[in-house]
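The values are calculated or read from the model by the stated rules, or taken from the named source; none is laboratory data. All values derive from a computational prediction rather than experimental measurement. With ideal geometry, Cβ positions are generated from the backbone for all residues, glycine too; neighbour counts draw on all protein chains shown.
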Amino acid sequence: MSDLLSNFWILLAIKLVAIAALVPVSALVIGTAELKISAHMQSRIGPYFAGGRFGWAQLIADGIKFFQKEDIIPEDADRQVFRWAPALVLLSTVALFVVIPFSPTLIVRDLDLGVFYVLAISSISTIGVLMAGWSSANKYSLMGGLRAAGQLIAYELPLVLAVVGVVIQAGTMSMVGIVEAQASFEVFGTIAVPYVAVQFVGFLVFMTAALAELSRIPFDLPVAESELVMGFVTEYTGFRFLFFFLGEYASMFSMSAIAATLFLGGYHFPGLDPAIWGPVVLVAKIFFLAFLMIWFRWTFPRLREDQLQTFAWKWLIPVSLANIAVTGVFKVVF
Amino acid sequence: MSLYFQDYITVGSFAALGVVLVIVMLGVAALLRPSNPSPAKQKTYECGVDPVGEGWHQSYVRYYVFGLLFVIFDVEAVFIFPWAIKLEDLGVFGLVEMLIFIWILLMGLIFAIRKGVLRWE
């Protein structure tokens, strides 16, 4: 058995199957949570009948429904680009799961450049969005795609710079290394505290930028349904349409996982053995952050395009640069 | 096989997995879904009326200056990361160097703001 597991190719196949299952499941769970939480925040009951109780099977039923829908490609569209855009979005989503550590050993691959890899891979989905927006040959889609690109340009930088503070603290870019550094990081006394205690500014900037990267309210200008009729997904139907939502909810899961790993201690919780409790602790933290994102959706109004750009360039980038300087000074002096 | 190649093979196969998932699911869906295209259905959507003009109309990309600034700052982020990892060994020398670097960047950003290039008109 252990012989079998030490073979690289067999292990890789097991991991591929596991992640191929985890991506849709995580999207389903987060999506259902969004339906139910949104409903309760608006004093509705939300989906109720599918699956017998609480409408837990609502999204599965939706998925089966999408299977039977006609795949319409507009006549004017750039057919090949239109076809492959959802694949690129899903490529980015799936590849992001490679570096999420669920426990010290339960990780697909602990890359040395884990943090860099996250930042690089997560921005690939924007190319997919831009492809979708351009190839649809639709005015709304084109505007949605261009807005998505502008948003990425503005919010990629705060995302990258906010992580530098964590890298300074940990002295490594490997995801497991960062969690281990937090497990032995003590500010007062003997209990290990996660980096959010000393990197609170970095955490706020990271979460804001992550919200913008995910195009969620208040940064949902690329898909603004009231003005752009869902922007870049206007022309998509059936399963191709579903892939964008699968990508969005699975990315919500993985971005929350990365924020939890970098700032909230990942799979580590004082007093619990990470080898056994690691996945449970991490998933609990992921759902806490995902809940915050859903909560924001029903709290903040959508920003205007110029406010969006100003907020990133005049506030988030200077603040995160200052955060790097302050963290560096503290690291060297103390 | 070295660990170095294992890293690349893992990342490559997971990137491929994303594309394969799309192909497989669309393939399965192709067996179930109907296909009866009609000219009206294939038309570009524009709130129910016939589309006016071309979809690929000329549009003003307002943020091209933002794009130029983005390239500069993104390259700078690449320089900051190696410094961030090795800061403990570099000590005060590395810190002062990087503070000067960040100061120059911040000045550049303030110059751009004062110059009005980041104003969205």
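Residues that are under 30 Å from A:V164 (Cβ atoms) and part of a loop (DSSP other than H, G, I, E, B) are absent from segment B:36-47 altogether.
Here is a yes/no grid of residues against (1) outside any helix (DSSP H, G or I); (2) modelled with pLDDT under 85; (3) closer than 23 Å to A:F288 by Cα:
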site	(1), (2), (3)
A:L12	no, yes, no
A:V17	no, no, no
A:P24	no, no, yes
A:A27	no, no, yes
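Of all residues in segment B:6-26, at least one satisfies being surrounded by 13 or more Cβ atoms within 10 Å (Cβ to Cβ) and either modelled with pLDDT under 80 or farther than 26 Å from A:I100 by Cβ (or both).
The set of residues in segment A:216-233 being more than 19 Å from the chain's Cα centre (by Cα), crowded, with 20+ Cβ neighbours inside 10 Å and either assigned to a loop (DSSP other than H, G, I, E, B) or not hydrophobic (A, V, I, L, M, F, W, C) (or both) consists of A:G231 alone.
Take B:F73 and decide whether it is out of contact with any strand residue (DSSP E or B) (no Cβ under 8 Å at 6 or more places or on another chain) and at pLDDT 85 or above.
When the stated conditions are applied, B:F73 does not pass them.
Beta carbons closer than 7 Å, at least 6 apart along the sequence or on distinct chains, never pair a first residue in segment B:88-100 that is modelled with pLDDT of 85 or more with a second that is of a type in the set (S, T, Y). How about segment A:46-78: which of its residues are within 30 Å of A:K139 (Cβ to Cβ), basic (K, R) and surrounded by fewer than 16 Cβ atoms within 10 Å (Cβ to Cβ)? Within segment A:46-78, just A:K65 meets the criteria. Please go through segment A:78-131 and give me each residue that is part of a helix (DSSP H, G or I) and of a type in the set (K, R), ordered by number. If the condition is that a residue be part of a helix (DSSP H, G or I) and of a type in the set (K, R), then A:R79, A:R83 are the ones that fit. Residues in segment A:126-149 that are facing chain B (nearest Cβ under 9 Å) and either more than 17 Å from A:L308 (Cα to Cα) or surrounded by 24 or more Cβ atoms within 10 Å (Cβ to Cβ) (or both): A:W134, A:S136, A:A137, A:N138, A:K139, A:Y140, A:S141, A:L142. Considering every residue within segment B:28-42, establish whether at least one is at the interface with another protein chain (Cβ under 8 Å from one of its Cβ atoms), closer than 17 Å to A:L146 by Cβ and surrounded by 13 or more Cβ atoms within 10 Å (Cβ to Cβ). No: zero hits. Taken over segment A:289-310, residues that are free of Cβ contacts under 8 Å to residues at least 24 places away in the same chain and part of a helix (DSSP H, G or I) amount to 3.
Would you check which residues across segment A:36-45 are surrounded by fewer than 17 Cβ atoms within 10 Å (Cβ to Cβ) and either at pLDDT 85 or above or not β-branched (V, I, T) (or both) and list them?
A:S38, A:A39, A:H40, A:M41, A:Q42, A:S43, A:R44, listed by residue number.
Candidates A:I107, A:I127: the one that is under 30 Å from A:L262 (Cβ atoms) and free of Cβ contacts under 8 Å to residues at least 40 places away in the same chain is A:I127. Within segment B:59-77, the residues that satisfy the criterion of being within 7 Å of another protein chain (Cβ to nearest Cβ), aromatic (F, W, Y) and assigned to a helix (DSSP H, G or I) are B:F66, B:F70, B:F73. Counting residues in segment A:96-113 that are more than 12 Å from chain B (Cβ to nearest Cβ) and either closer than 30 Å to A:P218 by Cβ or more than 20 Å from the chain's Cα centre (by Cα) (or both) gives one or more.
Scanning segment A:312-324 for residues that are surrounded by 17 or more Cβ atoms within 10 Å (Cβ to Cβ) and either without any contact (Cβ under 8 Å) to a residue 12 or more places away in the chain or not in a helix (DSSP H, G or I) (or both) yields a count of 1.
Would you please name the residue that is surrounded by the fewest Cβ atoms within 10 Å (Cβ to Cβ), looking only at residues in segment A:199-215 that are among the hydrophobic types (A, V, I, L, M, F, W, C) and touching a residue at least 60 places away in the same chain (Cβ under 8 Å)? I'd like the intermediate steps shown before the answer.
Initial filter on segment A:199-215 (among the hydrophobic types (A, V, I, L, M, F, W, C)): A:200-201, A:203-207, A:209-212, A:214.
Add one more test, that the residue is touching a residue at least 60 places away in the same chain (Cβ under 8 Å), and what stays is A:201, A:203, A:205, A:207, A:209, A:211-212, A:214.
Working: A:V201: 16, A:F203: 21, A:V205: 25, A:M207: 20, A:A209: 26, A:L211: 22, A:A212: 25, A:L214: 21.
Result: A:V201.
Of the residues in segment A:50-60, at least one is without any contact (Cβ under 8 Å) to a residue 40 or more places away in the chain, in contact with a Pro (Cβ under 7 Å, 6 or more places away or on another chain), away from chain B (no Cβ under 14 Å) and in a loop (DSSP other than H, G, I, E, B). When the criteria are applied in full, A:V205 fails the requirement of being more than 30 Å from A:S136 (Cα to Cα), out of contact with any Pro (no Cβ under 6 Å at 6 or more places or on another chain), in a helix (DSSP H, G or I) and aliphatic (A, V, I, L, M).
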